[in-house]
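Quick notes on the structure that follows.
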Amino acid sequence: MPNPLKDNPNWLVVRDRALVPAGARMRGWRDWVVANDPVYAAARRPGPPEKIAASVTLVVVAAVVLFLILFDWNMLRGPIGRWASARYDREIQLNGDLDVNLFSWTPSARVQSLRIGGPDWARERDTLQVEDLQLSVRLRALLAGRLEMPRVVVARPRAVLISTGDGRKSWHLNPDQPDTGEGLKLPPINRLLIQDGRVTLDEQRRKLRLEATFDAREGSDGQAGFHLDGKGTINGTPLTVVVRGGPFINIRRDRPYGFHGEITGAGTRMVADGSITRPFDLGHFNATLRLQGQDLSDIYLLTGITTPNTPPYRLAGKLTRDDAKFTFADVAGRVGSSDLAGEVVVDKVDGRRRVDADLRSRLLDIDDLMVVLGAEPRVVSGGNTVVSSGVPGRLLPDAPLNVDRLRVMDGTVRFRAARVKGNNLDIRRVDLGGDLKGGILNLDPVAFTFSRGELRGTAKINATRDRPYSAIDFRLRGYPLESIIPARNGLPTVTGRALGRAQLEGPGASVHDFAASSKGTISLVVPQGRMRAAFAELLGINLLAGLLKLDDDSTAEIRCAVADFTVSGGTATARTFVIDTTPVLAHGTGTIDLDSETMNLRIDGETKEARLVRLWAPILVQGPLMSPSVDVDRGEVAAQVGLGAVIGALVNPFAALVAFVDPGLAEDANCGALISSAR
């Protein structure tokens, strides 16, 4: 057969320029070693010294081997225990037999009655007791720098795991080493057997206590495989844990190990079905995770992750762990009567837990969002959520913010709702963003888009204090008045666009507490609009004209309306309160108490044209914010009627009308100046 390399010019160049010179150098080096190296010469033709050295070496090796065969390894139990106790600052004892077999391709060791005590602050409970521990290693892999364990048998292990409120963990043998959040990594074990294992977990920060049994069995029946069953309590409520996996037989590092896990407690149920990517490396796995419960904030007790209050929820997604990083992707489900989708990433950065969430809803029920702000949910027929403040008669939610949970993590969140179910405020879209760092939460943006207009602003909550301190700055642009004031006979009572701004700050653990102690300003401006002529006349208590026009659809111009309040100690006091219409100029005074959620406002109207019958009495708006009463000052009316009666008695009956005649001397307000001062 022809040789293709022989005729290839490139091959000839490589052969002549590289391979031939290299071969010549190797032959030269070999010849030099044969002629000059004394070690080579001694090995080829050993003399008496070399023979004596070889004999001594063989004797020493044989003696060492014989010593190791006959050595009683129990003599090392004390030294090993003392060294380990000093190394890990806790009492460690090997109280039973210690047997070691080194002369095998799979060297093995057996330890009986192993005891690892607790740290100084938990010495009353041993961290681990094992009645019988057998393990072996693969010698060839060990010589290559890898640790592989073909067989591990653990009989009757007893573990007590204690975690204190300040973060100390009894199972950390090196407490000074920073906690990176990475999962437990064990060397590959081809065959693992666990008999009658028991573990106690006492997590004091979340008031979690769990007693569990676990086994890893061989066989083909229903009892084969890994089984963990636990019961306990978490924050005073029942807790159950179930984990299932296949038998640990012929486990390979490149073959995923499947598992099923369920946790039920604190009003929450979590179910995971997945696989550990590399067996015995718990820092990497993939699973399908399903969550459901009454309030999403309850998962903090199970996971340590802070989430807001919500109505009942049901969610599912793909959970992936990559050491300290958990990714909950392709999230889909419902919270209350709203759909929710997105992704949540949990990581550990600079020793602190960090959560970044990007969530969205195709159709949001605004009541579900109000629960996040502290409103109290109530599920009604059809699965819909109805909310309230939690206190009868109050508008502002009174649920306290849990500042401790905001301090333990950092992160960001973004939530967007493409559409919103029909609601009284006519909200159409929602866009919320938050950044939490070092116990300070910055909300930006806070945006609600209405059918016309929007509310947009920012909020800052400082949770580093025992009592949170918050600051808000919200702006209202172009909100239609007809969405606030109900129509009459199918026609709008008032039309126009409202502009507003609220700048408040103060302490408070809830929305209500914050408002009740806040300071700042609140303003509302209507640059122009229209009002039913009848209501414009009644604004000035022009009874005759107003009553005559009640069935009249004609409108009057709103030249401007300005309500500007100064807030101090939770009481909003009117600084400027003017409603200027074509026929009437009205001025208001009074206060709004944000603590009791009541108002006490007085509106005095002046007509711009002469009116025959006009009551010279102010309008009083008083009572709860949720249902204020509107009335006239009856004392002023009585005084005006009494004045008319006196004039009629002294002059003549027709002269009594003088008390009810208004010459209409009011002038237009300086709307430009009023609006500028309010903004």
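The values are calculated or read from the model by the stated rules, or taken from the named source; none is laboratory data. Quick caveat, the model's predicted, so the values are computed rather than measured. Backbone-built Cβ (ideal geometry, glycine too); neighbour counts: all protein chains shown. Just so you know, the surface numbers come from the protein's heavy atoms only, side chains and all, with ligands and any DNA or RNA stripped out. Shrake-Rupley method; radii C 1.70, N 1.55, O 1.52, S 1.80 Å.
Structural remarks
- Residues (in a loop (DSSP other than H, G, I, E, B), farther than 21 Å from LYS207 by Cα and of a type outside the set (Phe, Trp, Tyr)) located in segment 277-306: THR277, ARG278, PRO279, LEU282, GLY283
- Here segment 624-634 is the region considered, the condition is being modelled with pLDDT under 80 and part of a strand (DSSP E or B), and the residue that is farthest from ILE485 (Cα to Cα) is VAL632.
- Taking segment 499-610 and the helices (runs of 4 or more DSSP H) fully enclosed by it, the elements with 2 or more residues that are of a type outside the set (Ser, Thr, Tyr), modelled with pLDDT of 80 or more and more than 23 Å from LEU481 (Cβ to Cβ) are at 511-516.
- Unique residue being at pLDDT 80 or above and open to solvent by 20 Å² or more (accessible area, probe 1.4 Å) when the list is VAL613, VAL646, VAL621: VAL621
- Filter result for the condition that a residue is surrounded by 15 or more Cβ atoms within 10 Å (Cβ to Cβ) and on the phi > 0 side of the Ramachandran plot, over SER113, SER136, SER163: SER113
- Yes/no for TYR479 being of a type outside the set (Gly, Ala, Ser), touching a residue at least 12 places away in the same chain (Cβ under 8 Å) and open to solvent by less than 30 Å² (accessible area, probe 1.4 Å): yes
- Residue tally, condition under 18 Å from ILE305 (Cα atoms), modelled with pLDDT of 90 or more and buried (at least 17 other Cβ atoms within 10 Å of the Cβ), over segment 349-394: 5
- Beta carbons closer than 7 Å, at least 6 apart along the sequence or on distinct chains, pair a first residue in segment 500-524 that is within 17 Å of THR566 (Cβ to Cβ) and touching a residue at least 12 places away in the same chain (Cβ under 8 Å) with a second that is among the charged types (D, E, K, R) and crowded, with 20+ Cβ neighbours inside 10 Å for SER523/ASP564.
- Matching option when the condition is modelled with pLDDT of 65 or more, in contact with a Pro (Cβ under 7 Å, 6 or more places away or on another chain) and open to solvent by 60 Å² or more (accessible area, probe 1.4 Å), among ASN95, ASN101: ASN101
- Taking segment 293-331 as the range and being β-branched (Val, Ile, Thr) and under 22 Å from GLY434 (Cα atoms) as the test, the residues that pass are ILE299, THR303, ILE305, THR306, THR307, THR310, THR327, VAL331.
- Every listed requirement among (1) over 22 Å from PRO247 (Cα atoms); (2) basic (Lys, Arg); (3) modelled with pLDDT under 95 is met by ARG138 save one, (1).
So that you can scan it fast, the table gives a plain yes or no per residue for (1) open to solvent by 30 Å² or more (accessible area, probe 1.4 Å); (2) assigned to a loop (DSSP other than H, G, I, E, B):
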position	(1), (2)
ARG252	yes, yes
PHE259	yes, no
ALA272	no, no
PRO308	yes, yes
ARG314	yes, no
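- Extreme residue, nearest to the chain's Cα centre (by Cα), among residues of segment 415-435 that are in a strand (DSSP E or B) and touching a residue at least 40 places away in the same chain (Cβ under 8 Å): PHE415
- Positions within segment 459-475 being farther than 17 Å from ALA515 by Cβ and either small (Gly, Ala, Ser) or not in a loop (DSSP other than H, G, I, E, B) (or both), in sequence order: ALA463, ARG475
- Flag for SER104 being farther than 15 Å from LEU193 by Cβ and either without any contact (Cβ under 8 Å) to a residue 40 or more places away in the chain or over 41 Å from the mean Cα position of the chain (by Cα) (or both): yes
- Scan of segment 403-432 for residues that are of a type outside the set (A, V, I, L, M, F, W, C) and within 18 Å of MET370 (Cβ to Cβ), ordered by number: ARG416, ARG419, LYS421, GLY422, ASN423, ASN424, ASP426, ARG428, ARG429, ASP431
- All positions within segment 316-348 that are surrounded by fewer than 18 Cβ atoms within 10 Å (Cβ to Cβ), farther than 22 Å from GLY258 by Cα and of a type in the set (Gly, Ala, Ser): ALA332, GLY333, ALA341
- Number of positions in segment 230-246 that are touching a strand residue (DSSP E or B) at 6+ places or on another chain (Cβ under 8 Å) and open to solvent by 60 Å² or more (accessible area, probe 1.4 Å): 5
- Of all residues in segment 160-186 being assigned to a strand (DSSP E or B) and basic (Lys, Arg), the one that is nearest to ARG206 (Cα to Cα): LYS169
- Tally, over segment 166-209, of residues that are touching a residue at least 12 places away in the same chain (Cβ under 8 Å) and open to solvent by 70 Å² or more (accessible area, probe 1.4 Å): 17
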